[in-house]
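Input: a single structure, listed below in structure tokens.
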Amino acid sequence: MTTLVLIRHAQSAANELDIFTGHSHYPLTPLGKKQADLAGKYVAENFKIDKLYSSDLLRAYETACAVSTHLGMMPIHTDTGLREIFAGEWENMTFSEMPGKFPLEYSMWMNDISNCRCPEGESIYELFERTTNTLKKIARENDGKTVAVVYHSTHLRSLIAYAKDGDLSNLGSVSWPSNASVSVVKCDGENFSFELCDYSGHLDKLK
């Protein structure tokens, strides 16, 4: 059994501008850097981390760098399998633009997200399969250890839905996780169970 300490990346420039980021690279904002530092401090103080993984996308990697600093400059193992959903034609588009240009697809994203596919991009199920298989691989390679993983909101949201119901049918009822929040998941290489979900108490001093 592996303990996965899942850290959503801190606030990015795209989050601040309300942009659908997908696989695009955006740095952390000044607030995001403070969030990442606090997340790293919280993880270092509360878990004995054996290995650190991250999506290779800039917002996740910069968050992982802050975590690494608090873990004594622990090496960061990047994996493209941990990337956010590939948004296709939605990449770099603001959410306010999307309803006018893609009314049907955007309506599905808002009202039936589990069955949604980004135009010319990934579907939710494709994202879930890719990222979940990556987490299972990480868990199998680190059996009995505790690893930190910095990645993205859509998979974390879908993983919460899957752990609760065994499928993604109720994904729309799961809230978007907070930037720099921490979740703790046990994985036996196949199944997932949450011990902590979307915790952000370490960020209270920023409010």
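Miscellaneous remarks
- Here the stretch 15-59 is the region considered, the condition is being free of Cβ contacts under 8 Å to residues at least 60 places away in the same chain and open to solvent by less than 20 Å² (accessible area, probe 1.4 Å), and the residue that is nearest to His155 (Cα to Cα) is Arg59.
- If the condition is being in contact (Cβ under 8 Å) with a residue 24 or more places away in the chain and either open to solvent by less than 50 Å² (accessible area, probe 1.4 Å) or touching a Leu at 6+ places or on another chain (Cβ under 6 Å) (or both), then the stretch 163-176 contributes Ala163, Leu168, Leu171.
- Whichever residue in the stretch 1-14 is over 17 Å from Lys145 (Cα atoms) and out of contact with any Asp or Glu (no Cβ under 9 Å at 6 or more places or on another chain) and, among such residues, is least open to solvent (accessible area, probe 1.4 Å): Ala14
- Thr78 vs. criteria more than 17 Å from Pro177 (Cα to Cα), without any contact (Cβ under 8 Å) to a residue 40 or more places away in the chain, among the polar types (S, T, N, Q) and surrounded by fewer than 23 Cβ atoms within 10 Å (Cβ to Cβ): yes
- Cross-chain or 6+ apart pairs with Cβ under 9 Å, the stretch 177-199 first and under 19 Å from Glu129 (Cα atoms) and in a strand (DSSP E or B), then among the basic types (Lys, Arg) and open to solvent by 10 Å² or more (accessible area, probe 1.4 Å): Cys187/Lys136; Cys187/Arg140; Phe192/Lys136; Phe192/Lys186; Ser193/Lys186; Phe194/Lys164; Phe194/Lys186
- Among the residues of the stretch 97-124, those that are without any contact (Cβ under 8 Å) to a residue 12 or more places away in the chain and closer than 19 Å to Leu168 by Cα comprise Tyr106, Ser107, Met108, Trp109, Met110, Asn115, Cys116, Ser123.
- Only one of Lys145, Lys136, Lys101 that is open to solvent by 70 Å² or more (accessible area, probe 1.4 Å), within 29 Å of Ala39 (Cα to Cα) and of a type outside the set (Val, Ile, Thr): Lys145
The values are calculated or read from the model by the stated rules, or taken from the named source; none is laboratory data. Source: prediction; values computed, not measured. Please note: Cβ atoms are built from the backbone with ideal geometry, for glycine as well, and neighbour counts cover all protein chains shown. Surface areas here come from the heavy atoms of the whole protein model, side chains and all, with no ligands, DNA or RNA. Shrake-Rupley method; radii C 1.70, N 1.55, O 1.52, S 1.80 Å.
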